[in-house]
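The values are calculated or read from the model by the stated rules, or taken from the named source; none is laboratory data. Quantities reported herein were computed from a predicted structural model and do not represent experimental measurements. Positions of Cβ are backbone-derived with ideal geometry, glycine not excepted, and every protein chain shown enters the neighbour counts. Heads up: the accessible areas ignore ligands, DNA and RNA and are worked out on the full protein's heavy atoms, side chains in. Shrake-Rupley method; radii C 1.70, N 1.55, O 1.52, S 1.80 Å.
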Amino acid sequence: MFKVLFVTSEAHPLIKTGGLGDVSGSLPATLQSLGCDVRLLLPAYRTVLDRLTSVSPVAQLNLPQLVAPARLLEGRFPGTGVTTWLVDYPPAYDRSGGPYLDPLGQPWGDNAGRFALLARAAAAIALGQAGVSWQPDIVHANDWQTGLTPVFMKDTYPRPATVFTIHNLAYQGLFDQAELGHLGLPWSLWTPDSLEFYGRLSFIKGGLVYSDMLSTVSPTYAREIQTPDLGFGLDGLLRHRADRLVGILNGIDDKEWDPQHDSWIVRNYDAAHISAKRDNKRALQHEHGLDPDSQAPLVGMVSRLVRQKGVDLAISAVSYLLHARAQIVFLGNGERSYEDALRRLAARHPGRVAARIGYDEAAAHRIESAADMFLMPSRFEPCGLNQLYSLRYGTVPIVRRVGGLADTVIDASEPNLRAGVATGIVFDGDDANALIAALGRAMSLYRNPSRWRSLVHCGMRQDFSWRASAQHYIDLYRSARILHDHTIGKNQNPGASP
Ligand code: ADP
Ligand code: GLC
């Protein structure tokens, strides 16, 4: 079985800003349970060192462009025991603030150097240059922060095979041209078929151009990113590499997100005891200052507050929800204008609209457990995890038909309801009216208890645990190895027939 170096910039519960953290916190352990030998590599941010107290140095990394050596620290991932390596370089990672943004919400000015360092450390380990005896067969890098990893490995043979997973193509790690020199990268990489992207240095292109295999987090998103609409300028490159690109649906950590054992929620329940959700609803109404109205359909939304997530559409739909005598609770942080708009809405409609601005893991669990419906009107969604949590918690997801949302929620159309396969409301169209029409459908189903119950139960029966998806990653690793060996064969013996 494969030895896998899993390189990531976040992993829950050590550090998380979104779904990448959830995936990196749970996929490696499942791969391990399937027989892979996995090491997780991430930066030793201050928060991570605070949470992973028992670590010890295993190597000194003498990497280019650093004024002092970095250290590789080893610990065990909380809950799973996966061996975790941290790149410890205090000038880059020991600071208060987020992994990507400073305390004022601006990208750290030295992000290019900080994440080139992560990639360099990964490459050093992969190529046996880090002074540790373990070497992977596969380097699995994730998102732009790790995009340079295959770049630093590309000219060395033999080397492990490389896999790059796109969690969100909208975030590309674009920097000024001057960074190329600062990072000590050769000018030969400054071409449109390498790292240049319209006059900027693109980290994500490193992953997309130089990895043996590419994946993204749902089959539909794998197709969408090959179109100009959702390709963010990289659709041509992705079409060119289409034979190397697969879509593998994210799984969820079904221990962390389990209504039967969730310790954050007021009352645990399963499909047979769904009425217990009422207690969670009452508690949530109390927690957020909503009227204690058990009849009002309660709609939840937990999200990064950015345009991708259709927050503006949700805001435009609030007056309809009030008209339908529903309540709505928002939890999120992100763009200032959305944060302000949500605060204003809550102030204008006390008892009916609640907005918690901030990041609160426990509150996210409580909303999933208490709400009747969950809103995800995303403009694009590579996979999305909250609709999967919602299904598990018997909270009917209302989603736009894009990316992973289209792949995981089955619309409550008349035929699907009759066949007993519907799990949520899926709508087309990208304006507020389309969302309002979807909410209208949700409200009338809610008023029909037997239909609603069958929708909820069907959702709760779905299995989005990692087991199936992790097996697809193992297949992907196998393909990467075969393609890599084939490429090496060709390079070493150019005249050989296939
Ligand atoms: P994305 O990664 O694009 O943000 P996902 O649906 O894949 O979207 O994952 C989002 C993850 O982040 C979920 O676990 C969700 O509960 C969590 N999350 C987002 N915003 C918040 C918040 N303000 N407080 C707590 N959890 C949040
Ligand atoms: C990204 C995407 C989200 C996906 C997550 C984990 O942040 O926006 O759709 O679920 O990564 O893969």
Inset, instruction - Taking the options ARG481, ARG392, ARG400, ARG418, name whichever one is basic (Lys, Arg), within 16 Å of ligand 2 (Cβ to nearest atom) and more than 15 Å from SER218 (Cα to Cα). - result: ARG392
Inset, instruction - Taking the residues in the range 87-114 that are over 15 Å from LEU72 (Cα atoms) and of a type in the set (A, V, I, L, M, F, W, C) as candidates, determine which candidate is least open to solvent (accessible area, probe 1.4 Å). - result: ALA112
Legend entry - Members of the range 330-356 that are farther than 17 Å from VAL299 by Cβ, away from ligand 1 (no atom under 15 Å from the Cβ) and of a type in the set (Gly, Ala, Ser): SER337, ALA347
Legend entry - Odd one out for SER316 among (1) among the hydroxyl-bearing types (Ser, Thr, Tyr); (2) in contact (Cβ under 8 Å) with a residue 40 or more places away in the chain; (3) closer than 24 Å to TRP264 by Cα: (3)
Inset, instruction - Output the residues belonging to the range 1-24 that are within 11 Å of ligand 2 (Cβ to nearest atom) and closer than 20 Å to LEU476 by Cβ. - result: THR8, GLY19, LEU20, ASP22, VAL23, SER24
Legend entry - Evaluation of LEU49 against (1) modelled with pLDDT of 95 or more; (2) under 26 Å from HIS472 (Cβ atoms) (one fails), failing number: (2)
Legend entry - Sole residue being away from ligand 1 (no atom under 16 Å from the Cβ) and open to solvent by less than 10 Å² (accessible area, probe 1.4 Å), chosen from ALA317, ALA283: ALA317
Inset, instruction - State all residues of the range 122-160 that are out of contact with any helix residue (DSSP H, G or I) (no Cβ under 9 Å at 6 or more places or on another chain) and either within 19 Å of SER215 (Cα to Cα) or open to solvent by less than 30 Å² (accessible area, probe 1.4 Å) (or both); if no residue qualifies, say none. - result: ILE125
Inset, instruction - Restricting attention to the range 219-241, report how many residues are of a type in the set (Ser, Thr, Tyr), surrounded by fewer than 24 Cβ atoms within 10 Å (Cβ to Cβ) and touching a residue at least 12 places away in the same chain (Cβ under 8 Å). - result: 1
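Residue by residue, here is whether (1) over 25 Å from SER319 (Cβ atoms); (2) free of Cβ contacts under 8 Å to residues at least 60 places away in the same chain; (3) buried (at least 17 other Cβ atoms within 10 Å of the Cβ) holds:
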residue	(1), (2), (3)
SER413	yes, yes, no
GLY420	yes, yes, no
PHE427	no, yes, yes
LEU439	no, no, yes
TYR446	no, no, yes
TRP452	no, yes, yes
VAL456	yes, no, yes
Legend entry - Residue check, ARG200 open to solvent by 10 Å² or more (accessible area, probe 1.4 Å), within 23 Å of the chain's Cα centre (by Cα) and assigned by TED's automatic domain parsing to the domain that holds TYR477: no
Inset, instruction - Could you check, for the range 53-69, whether at least one of its residues is of a type outside the set (Lys, Arg), in contact (Cβ under 8 Å) with a residue 24 or more places away in the chain and within 27 Å of ILE474 (Cβ to Cβ)? - result: yes
Legend entry - Selection within the range 257-280 - open to solvent by less than 60 Å² (accessible area, probe 1.4 Å) and not in a helix (DSSP H, G or I): TRP257, ASP258, PRO259, ASP262, ILE265, TYR269, ASP270
Inset, instruction - Please tell me if MET301 is open to solvent by less than 10 Å² (accessible area, probe 1.4 Å) and touching a residue at least 24 places away in the same chain (Cβ under 8 Å). - result: yes
Inset, instruction - Provide a single number: the residues in the range 369-398 that are more than 23 Å from ALA432 (Cα to Cα) and in contact with a Leu (Cβ under 6 Å, 6 or more places away or on another chain). - result: 1
